[in-house]
Amino acid sequence: MQIDFLIIGQGISGTFLSWYLQQEGFSFLVIDQPKANSPSKVAAGVINPVTGRRIVKTWMIDEVLPFALNAYQQLGEAIGVEAISQKNIIDFFPTPQMKLAFEKRFSEDQQYLARPDDEYNFLPWFNYDFGYGEIQPAYLVNLPGILPAYRNRLQQNGQLLEEVFQPELLQINSNSIQYKDITATHILFSDGIASAASPWFNLLPFAANKGEALWVEIPDLPDTHIFKRGFSLIPWSKNIFWLGSTYLWEFDNEDPTPGYRQFAETWLKQTVKPGFKILDHKAAVRPATLERRPFIGFHPLYPNVGIFNGMGTKGCSLGPYFAHQLARHMREGTGITPEADVQRFRRILSK
Ligand SMILES: Cc1cc2nc3c(=O)[nH]c(=O)nc-3n(C[C@H](O)[C@H](O)[C@H](O)COP(=O)(O)OP(=O)(O)OC[C@H]3O[C@@H](n4cnc5c(N)ncnc54)[C@H](O)[C@@H]3O)c2cc1C
């Protein structure tokens, strides 16, 4: 088999990478090992335009957010899935100080923020003492709809191999790569945290980050918004909510922990008024990076070996934008955003 790109991984990164490479007229094959706890399968799918206690705008959000909205709508139409919906975030203030911080930010810059007329209108469902601010627009990406539907499309087109990619079988030639019976001009790794142990990219400053989530049935809760009070409670499907998450830099394994379940259950008892039932509990390791910027582009010593990775906590917003950027780069030679371009590590990668 002769193709332009061999892509490793079909999380949200490999999905958009293959989607945009195809739109640029390239041929490709995706190799993906089905894994129940990949971060793309455990993630909530929120695109939140602001972050942190000081409610600052997230990196590149003014470009990335409108691009993502359009990208999910187009992909969704092609695969018959409602891929994205607006779900603004109700940010309950945990302390009077947080309320003041929100009000200060709001008085300086109202972009992505709103103040409600009645900040106690969610009292029938939630316990909270200091009101709330609204983050808007925020979006919820339908990852459980998109990933299998896109996978089906790949399968039907003969563009997917469901197996484990074995790095030791990859042969890199000067103008191509060879993997088993596949000859490709380039190979691109969108294999999540697996790249941290890759023979080609293990020197990149990955910072694996484990997160956990519960799926909870709460029949009497509004599904109109995302509700945040430390943890986020996110409408998932009818009467089911996603509750997360944690950000662990040190961990021994990828498994869900009893500690998280207990902590989240206590949070639910303290925060949510209706009764609830815990249905599921999952954990996954985010492909995060030390400087919180993605790794995109080609290896300085092996120009046909590339990476599309390091999406950290923001795969849903960064994935579409940078996949398009990389596909345009391959077709037209246009630039890759310097903070994301893996060439910034060329000295490390050349060792
Ligand atoms: C609890 C939690 C909540 C999150 N919430 C959000 C959120 O609300 N919004 C947001 O934007 N992000 C969120 N994230 C982060 C998000 O999940 C990641 O940024 C994103 O999923 C990364 O996608 P990816 O495709 O790069 O990697 P992955 O999802 O890891 O996909 C990599 C794929 O490669 C495959 N693979 C790996 N190695 C091999 C191999 N050797 N052979 C074959 N296949 C292989 C894997 O099986 C997988 O399918 C969350 C993460 C967690 C853990």
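Quick notes on this structure:
- Scanning region 284-311 for residues that are touching a Phe, Trp or Tyr at 6+ places or on another chain (Cβ under 7 Å), more than 10 Å from the ligand (Cβ to nearest atom) and among the small types (Gly, Ala, Ser) turns up just one, Gly306.
- Tally, over region 231-255, of residues that are under 24 Å from Thr51 (Cα atoms) and surrounded by 14 or more Cβ atoms within 10 Å (Cβ to Cβ): 13
Every residue, every condition in (1) closer than 30 Å to Ser237 by Cβ; (2) surrounded by 23 or more Cβ atoms within 10 Å (Cβ to Cβ); (3) within 9 Å of the ligand (Cβ to nearest atom), yes or no:
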{"site": "Gln2", "(1), (2), (3)": "no, no, no"}
{"site": "Gly14", "(1), (2), (3)": "yes, yes, yes"}
{"site": "Pro34", "(1), (2), (3)": "yes, no, yes"}
{"site": "Val56", "(1), (2), (3)": "no, no, no"}
{"site": "Ile61", "(1), (2), (3)": "yes, no, no"}
{"site": "Gln73", "(1), (2), (3)": "yes, no, no"}
{"site": "Ile79", "(1), (2), (3)": "yes, no, no"}
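- Each residue in region 315-326 was checked for being more than 20 Å from Phe201 (Cα to Cα) and in contact with a Leu (Cβ under 7 Å, 6 or more places away or on another chain), and 1 of them qualify.
Residue-by-condition table, conditions (1) surrounded by fewer than 19 Cβ atoms within 10 Å (Cβ to Cβ); (2) in contact with a helix residue (DSSP H, G or I) (Cβ under 8 Å, 6 or more places away or on another chain); (3) assigned to a helix (DSSP H, G or I):
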residue: Tyr150; (1), (2), (3): no, yes, yes
residue: Arg153; (1), (2), (3): yes, yes, yes
residue: Gly158; (1), (2), (3): yes, no, no
residue: Glu163; (1), (2), (3): yes, no, no
residue: Asn175; (1), (2), (3): yes, no, no
residue: Ala184; (1), (2), (3): no, no, no
residue: Ser195; (1), (2), (3): no, no, yes
residue: Lys210; (1), (2), (3): no, no, no
residue: Asp220; (1), (2), (3): yes, no, no
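- Residue match in region 92-108 (condition: of a type outside the set (Phe, Trp, Tyr), in contact with a Leu (Cβ under 9 Å, 6 or more places away or on another chain) and away from the ligand (no atom under 16 Å from the Cβ)): yes
- Where a residue in region 224-244 is under 15 Å from Thr271 (Cβ atoms) and within 14 Å of the ligand (Cβ to nearest atom) and its partner, wherever it lies, is hydroxyl-bearing (Ser, Thr, Tyr) and part of a strand (DSSP E or B), with Cβ under 6 Å and at least six apart: Ile226/Ser232
- When residues of region 205-223 are limited to those that are in contact (Cβ under 8 Å) with a residue 60 or more places away in the chain and away from the ligand (no atom under 15 Å from the Cβ), the one farthest from Arg293 (Cα to Cα): Asp220
- Counting the residues of region 17-68 that are out of contact with any strand residue (DSSP E or B) (no Cβ under 9 Å at 6 or more places or on another chain) and not in a loop (DSSP other than H, G, I, E, B) gives 7.
- Selection of strands (runs of 3 or more DSSP E) fully inside region 256-314 by the criterion of at least 2 residues being surrounded by 15 or more Cβ atoms within 10 Å (Cβ to Cβ) and either of a type in the set (S, T, N, Q) or out of contact with any Leu (no Cβ under 9 Å at 6 or more places or on another chain) (or both) returns 277-286.
- Some residue of region 273-282 being within 19 Å of the chain's Cα centre (by Cα) and touching a residue at least 60 places away in the same chain (Cβ under 8 Å): yes
Residues are listed down the side, and each one gets a yes or a no for (1) more than 13 Å from the ligand (Cβ to nearest atom); (2) of a type outside the set (Lys, Arg):
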site	(1), (2)
Phe251	no, yes
Pro256	no, yes
Tyr260	no, yes
Lys282	no, no
Gly315	no, yes
Gln343	yes, yes
Arg347	yes, no
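- Test: Gln23 is more than 16 Å from the chain's Cα centre (by Cα), within 12 Å of the ligand (Cβ to nearest atom) and surrounded by fewer than 21 Cβ atoms within 10 Å (Cβ to Cβ): no
Throughout, read-outs are computed from the coordinates displayed, never taken from laboratory work. Just so it is clear, the model here is predicted, and its values are computed rather than measured. Here Cβ is always computed from backbone atoms with ideal geometry, including for glycine, and neighbour counts include all displayed protein chains.
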